[in-house]
Amino acid sequence: MGYPHKPHSRETVVLSKYFGEADARSYKGWVKRGGYEMLRHALSMEPAKVIDIVKESGLRGRGGAGFPTGLKWSFMPKEKKKPHYLCVNADESEPGTFKDREIMRWTPHALLEGAAIAAHAIQAEVAYIYIRGEFTEPWSVMEKALSEADAAGVFGTIKIHLHRGAGAYICGEETALMNSIEGKRGNPRIKPPFPAAAGVFGMPTTINNVETLAAVPHILKNGAAWYKGLSLASPKSTGTKLFSVCGHVQRPGNYEVTMGFPLKDLLYDLCGGMRPGHTLKACIPGGSSVPILNRDETESCLLDYEGVVEKGSMLGSGGVIVFDDSTDMVYQIMRLARFYAHESCAQCTQCREGTAWTTKILERILAGQGKTADLDLLLDLSDNMTGKTICVLSDSCAAPVVSGIKRFKQEFDDYIAGRRKPVMVA
Amino acid sequence: MSGDAYPAAPSGIEEYQPVFTGAALEQLQEVFTRYPTKQAALLPALWMVQRARGWISDRNMAEAAEVLGLTPAYVKGVVTFYTMYHQHPVGRHFVQVCTTSPCNVCGAEAVVQALLEATGAKELGATSPDGKWTVTEVECLGACGFATPVLVDDDFLESVTPEKVPELVKRYT
Ligand SMILES: Cc1cc2nc3c(=O)[nH]c(=O)nc-3n(C[C@H](O)[C@H](O)[C@H](O)COP(=O)(O)O)c2cc1C
Ligand code: SF4
Ligand code: FES
């Protein structure tokens, strides 16, 4: 089931309030709903004041790393000597994640408003919204919204442009995205320098995720204290979060809940649980780049940055992938490794070779030709792929492999010992 | 048998057409105003080429290089980095099916098979003998809750199942 779904009574609808309302996509419809009031308000404030409010709210980046947004904005030079830029990350390509697409499809002006407020706060005159090439529908919705808002002159001196990607997961990495805007191959850059010092076109730049920016107008409107109050468990995780749930649940889709919401309730209550006759086997709680949890860990996990870490994984982008008891974990882990092998930009040896070999070894195991030593080899490879490369794509490939072997070793052993029928041909 | 022949638009023999003339050139000039460098207009320019011609030939890469003040080799380096740019002609309808894990567990592989059969493309990446269809497998399309998403040209279709495929294919013929 997709959108529009009627919000579940346990959802806290802030960002998703107007999902499904076609009228909210138009400039007029957005203004009717109170849209752009907070932008006007922000433009009348000192940039530093806006940053303080966002800092105070506890908002953290929704793109995956969870970095405090206000703090990130404060890294930009206070005294402006060069042009400043804002980049908006709408590359959404992390398997399991499909929330930014929904924000852009239904509430394009929420993103534009949040982006313009952020641009003002960091003193940027230009913002680029980088939308992945495959998002044809969000692109046209955003294009129309931008031209209507431009015509109404709401952005003042801030100029917002859309930039279309062309098929590359890696362009979601912040510096790869900047290279891609510059008309280059999307290779991540070595850091430092960090974007606040030298980002797109070598100028001070801030980059934020779509969902992060869409939350900003709400924070200005209802106050930092309100946002901070939206927290069910750890006080370090505030606000609401859109969780994209996919895989083996009865009602996949986007669900907006307050930080700290129990994962178990999200899956069994909001999403209707597993298909009849099936039980939960495993769950990846934050997009494919984070470690896999087993059933017990999943059912006792609280959905905030700290809660998921406590169970051995990460909140990441909030893409919740659910696997029931019919799942061949070895096959799915191979499929994820293949994703990373396909998407590696190939700059770093550990990543280029590691993702490819990890995939090959897993395929070999699935073809019934695995050796006992292969598991150690996989773990050794993963070790060499973690913390040693320019960006963390390499680490992301190791995450499902290491956590998968740890939690579902029996399934690997079954293939290797010949107790399970090969599902691939060598 | 004519079915053995290479599909309708054989690569290489098709006549080269420059893209950046007239209105297209004006449009590109407008794109230049969005960025502090001309080079930054490369991805938008390549999209314009692909929209106009269906694919991006070496000569069109050279043309883009010329207009942007880059070298053909540089442009080719960029084109080859991004999977959505076609370096060869493809069928009139280009189909991309997500088969990454979340969609895989929801039956994406069966959707691919159904598409290969219904379109007559038979093999991934190949074009059907009538020149109409090219079917490819791609990684996550960012719509995992709507398994299986399928992109037909610019139409983003959600929740495609093998049963829906024949009807879907008919819509495009
Ligand atoms: C391989 C890779 C892919 C990424 N893909 C995305 C993406 O698609 N969208 C996104 O917002 N962030 C993505 N990120 C995270 C960004 O680098 C960056 O942290 C984020 O956009 C910052 O915004 P935030 O602070 O608002 O979260 C990715 C990171 C890596 C290493
Ligand atoms: S880790 Fe992989 S994707 Fe990241 S820069 Fe290195 S080779 Fe490229
Ligand atoms: S995994 Fe298929 S759309 Fe994301």
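So the values come out like this:
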{"item": "Antiparallel bridge percentage (DSSP; both residues within segment A:178-320; nearest 5)", "result": "75 percent"}
{"item": "Cβ-defined net charge surrounding A:Asn294, 10 Å radius [Lys, Arg +1; Asp, Glu -1]", "result": "+2"}
{"item": "Sum of -39500 (n - 2.57) over DSSP H runs of 4+, divided by residues of chain A (222 nm, nearest 500)", "result": "-12500 deg cm²/dmol"}
{"item": "Cysteines having no other Cys beta carbon under 4.7 Å from their own, within chain A", "result": "A:Cys87, A:Cys171, A:Cys271, A:Cys283, A:Cys301, A:Cys345, A:Cys391, A:Cys397"}
{"item": "Antiparallel DSSP beta bridges within segment A:121-254, percent to nearest 5", "result": "25 percent"}
{"item": "GNM top mover of B:Val138, B:Val112, B:Val90 - chain B, alpha-carbon springs below 10 Å", "result": "B:Val138"}
{"item": "Cβ-based exposure ranking for A:Thr386, A:Thr107, A:Thr372, B:Thr99, in which fewest neighbours within 10 Å come first", "result": "A:Thr372, A:Thr386, B:Thr99, A:Thr107"}
{"item": "Degrees between helix A:136-152 axis and first principal axis of chain A (Cα, 0 to 90, nearest 10)", "result": "10 degrees"}
{"item": "Rounded Å value of the spacing that divides the Cα centres of segment A:33-65 and segment A:301-328", "result": "29 Å"}
{"item": "Between helix B:22-32 and chain B: long-axis angle, C-alpha atoms, 0 to 90°, nearest 10", "result": "90 degrees"}
{"item": "Point-charge dipole on Cβ atoms (K/R +1, D/E -1) for chain A, about Cα centre, debye to 20", "result": "460 debye"}
{"item": "Chain A: angle of helix A:210-222 to the longest principal axis, Cα-based, in degrees nearest 10", "result": "50 degrees"}
{"item": "Average other protein chain Cβ within 10 Å of Cβ, residues B:143-153", "result": "6"}
{"item": "Lys, Arg +1 and Asp, Glu -1 on Cβ, resulting dipole of segment A:1-64 about Cα centre, debye, nearest 20", "result": "180 debye"}
{"item": "Local electrostatic count at A:Leu375 - Lys and Arg +1, Asp and Glu -1, tallied over other residues with Cβ under 10 Å", "result": "-2"}
{"item": "Bridge type composition, the protein assembly as shown - antiparallel percent by DSSP, nearest 5", "result": "45 percent"}
{"item": "Under-25-angstrom lysine pairs by C-alpha in segment A:22-109, whenever the two are 8 or more apart or on separate chains", "result": "17"}
{"item": "Cβ-Cβ FRET estimate between B:His88 and B:Lys122, R0 fixed at 22 Å, reported to 0.05", "result": "0.80"}
{"item": "Cβ-based exposure ranking for B:Glu167, A:Glu79, in which fewest neighbours within 10 Å come first", "result": "A:Glu79, B:Glu167"}
{"item": "Euclidean distance of C-alpha centroids, segment A:333-376 and segment A:95-115, integer Å", "result": "33 Å"}
{"item": "All lysines inside 18 Å of A:Lys184 as judged from Cα atoms, apart from same-chain residues fewer than 8 positions distant", "result": "B:Lys38, B:Lys76"}
{"item": "Positive-end residue, segment A:269-319 charge dipole about Cα centroid, Cβ charges, pick of A:Gly316, A:Gly277, A:Gly287", "result": "A:Gly277"}
{"item": "Shielding by partners, peptide B:38-46 (average Cβ within 10 angstrom, other chains)", "result": "5"}
{"item": "Only Lys, Arg (+1) and Asp, Glu (-1) charged, at Cβ; chain B dipole about Cα centre in debye", "result": "280 debye"}
{"item": "Charge-dipole axis of the protein assembly as shown as Lys and Arg at +1 and Asp and Glu at -1 on Cβ define it, positive-most pick from A:Met142, A:Phe201, A:Met424", "result": "A:Phe201"}
{"item": "Between segment B:88-121 and segment A:151-211, the alpha-carbon center distance in angstrom", "result": "31 Å"}
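We did not get these values from a lab; they are worked out from the coordinates using the rules stated. Because the structure is a prediction, the values reported are computed rather than measured. In this analysis, Cβ positions are derived from the backbone assuming ideal geometry, glycine residues included, and neighbour counts consider all displayed protein chains.
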